[in-house]
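Chemist: First, the structure itself, so that you have it in front of you.
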Amino acid sequence: MTGGQVSLGVQICREIRFPEQWQHLASSGAQAFIYLTHAANTAEPAGVWRSHLISRAAENQRFVVAANVADAHQHCPSMIISPRGEVLAEVTSGDTAVIRTTIDLDQSGNWYLDQRRQDLLRLSYEGRGISM
């Protein structure tokens, strides 16, 4: 990275399954996400976590840099994804590699986040006795 500062949101392991946490980090100023996991489980369907990573990038309009162990049984690849959900770099299961690409943080945005129905979210949480 050259010059400036970057605000990163960090997520680990099963936090990939909870999109609200990612939205909160993006709304709180995260310009990109770092995702770390040790996901190597033969019982997990292949592709599910990969699709979650692509979704988290696209729905939050943020880059996602994901790192997993180099294991033949991994089900969550190491990859870099653009805010549009494009896979920019990826390491296949079991391979050991360093991936790298140039990213332009100006591609990140809040267009989708700004369209969330905050009124419905507020009603849902207030109905459960949670104040917002």
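Laboratory data are not the source of any read-out in this text; all were calculated from the coordinates shown. Since the structure is predicted, the reported quantities are computational estimates derived from the model, not experimental observations. Please note: Cβ atoms are built from the backbone with ideal geometry, for glycine as well, and neighbour counts cover all protein chains shown.
Chemist: Net charge near Trp22: determine it from the other residues with C-beta under 13 Å of the C-beta of Trp22, scoring Lys and Arg +1 and Asp and Glu -1.
Modeler: Within the 13 Å Cβ shell, the charges total +2.
Chemist: At 222 nm, what helix-only mean residue ellipticity would the chain give, in deg cm²/dmol to the nearest 500, using -39500 (n - 2.57) for each DSSP H run of four or more?
Modeler: Result for the chain: -7000 deg cm²/dmol, rounded to the nearest 500.
Chemist: Something else: Please compute the modelled spin-label separation between Gln107 and Val10, points set 7 Å along Cα→Cβ, answer in nm with one decimal.
Modeler: The answer from the label model is 2.4 nm.
Chemist: With point charges of +1 on the Cβ of Lys and Arg and -1 on the Cβ of Asp and Glu, referenced to the Cα centre of the chain, which listed residue (Ser108, Met79, Thr92) lies farthest in the positive direction of the dipole?
Modeler: It is Ser108.
Chemist: Sorted from fewest to most neighbouring beta carbons within 10 Å, what does the list Val65, Val87, Val10 look like?
Modeler: With the fewest neighbours first, Val65, Val87, Val10 line up as Val10, Val87, Val65.
Chemist: In addition: Given the convex hull over the Cα atoms of segment 8-114, what projected area results after averaging over all orientations, in nm²?
Modeler: Hull-based average projected area comes out at 6.0 nm².
Chemist: Another question, then. Rounded to the nearest 20 debye, what is the charge dipole size of the chain about its Cα centre when +1 sits on each Lys and Arg Cβ and -1 on each Asp and Glu Cβ?
Modeler: Magnitude of the dipole: close to 240 debye.
Chemist: Can you compute the charge dipole magnitude of segment 42-96 about its Cα centre, using +1 on each Lys and Arg Cβ and -1 on each Asp and Glu Cβ, nothing else charged? Give it in debye, rounded to the nearest 20.
Modeler: So the dipole magnitude of segment 42-96 works out to roughly 220 debye.
Chemist: Across segment 47-94, how large is the tail of the calculated P(r) beyond 11 Å, expressed as a percent of all Cα pairs?
Modeler: 60
Chemist: Applying 1/(1 + (r/R0)^6) with R0 = 30 Å to the Cβ-Cβ distance of Val48 and Gln118, what FRET efficiency is obtained, to the nearest 0.05?
Modeler: On the way: r = 29 Å, r/R0 = 0.97.
For Val48 and Gln118, the calculated efficiency is 0.55.
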